[in-house]
Amino acid sequence: MPHITAQDGTRLYYEEAGSGSSIIFVHEYAGDYRTWEMQMRFFSRAHRCITYSQRGYPPSDVPKDGARYSQDIARDDVLAVMDALKVDKAHVVGHSMGAYTALHVGIHAPARCKKHDQRPGDVELLLDAQAPEMAK
């Protein structure tokens, strides 16, 4: 099972598929890396797609020390995944709790983000560019 190591030694499980511009998928509170399976299958046709289980979600490590969990640490974990996989810039996509983490990546490390914009039309444009049938 592939893992990267975060700054504090926590091991984070990840999966990747495809090639091209990178997309990092960050899951919600009630999920894990599998949340993004359909998106990974679809977007990996034209992009390098990466998903991971956040700390506290197996098969990533589950630290017992509460001090090893925070929004800053969650943000830094995204950047650690990008660094370990040699991703300079990516589209960072999150759902619910993962969207909050993605937002913090955009705020604190905007140079690492290909696009950080919350306008609904941008999603439609991305879908139009990749699969016109999905944008209908």
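Computed from the coordinates by the stated procedures, all read-outs in this text should not be read as laboratory data. Quick caveat: nothing in here was measured; it's all calculated off a predicted structure. Glycine gets a Cβ as well: all are built from the backbone with ideal geometry, and neighbour counts include every protein chain shown.
Using amide H atoms built 1.01 Å from N in the peptide plane, name the residues 5+ places from V92, or on other chains, whose amide H lies under 5 Å from its own.
I24, K114, K115
Working out 0.36 nm times the residue gap between V62 and M1, then minus their Cα-Cα distance, what length gain in nm do you get to one decimal?
Extra length from V62 to M1 when fully extended: 20.4 nm.
Go through the stretch 66-83 residue by residue and turn each phi into a ³J(HN,Hα) via Karplus (6.51, -1.76, 1.60, θ = phi - 60°); whole Hz please, and just put x for glycine and proline.
Result, ordered by residue: x, 5, 8, 10, 6, 5, 5, 5, 4, 4, 5, 5, 4, 5, 5, 4, 4, 4 Hz.
Quick one: 3J(HN,Hα) in Hz for the stretch 97-109, Karplus 6.51/-1.76/1.60 with θ = phi - 60°, rounded, Gly and Pro as x.
Listing the rounded values in order: 4, x, 5, 5, 5, 4, 4, 5, 4, x, 6, 8, 9 Hz.
Work out from phi, with θ = phi - 60° and the Karplus expression 6.51 cos²θ - 1.76 cosθ + 1.60, the ³J(HN,Hα) of each residue of the stretch 27-35, listed in order in whole Hz, and give x for Gly and Pro.
Running phi through 6.51 cos²θ - 1.76 cosθ + 1.60 with θ = phi - 60° gives 7, 8, 4, 8, x, 7, 4, 5, 3 Hz.
Could you tell me which of rounded, prolate or oblate describes the stretch 1-104, using a ≥ b ≥ c as the square roots of the eigenvalues of the alpha-carbon gyration tensor, with rounded for a/c under 1.5 and, failing that, prolate when a/b is larger than b/c and oblate otherwise? Walk me through the intermediate numbers first.
Numbers: a/c = 1.64, a/b = 1.53, b/c = 1.07.
Here the stretch 1-104 falls in the prolate category.
Tally the DSSP beta bridges in the stretch 1-95 and give the antiparallel ones as a percent, rounded to 5. Display every interim value, and only then the final one.
Numbers: 7 of 17 bridges.
If I count the DSSP bridges inside the stretch 1-95, around 40 percent turn out antiparallel.
Once R0 is set to 25 Å, what does the formula 1/(1 + (r/R0)^6) return for the Cβ-Cβ distance between S21 and D72, expressed as a FRET efficiency to the nearest 0.05?
Values: r = 27 Å, r/R0 = 1.06.
E(calc), rounded to 0.05, equals 0.40.
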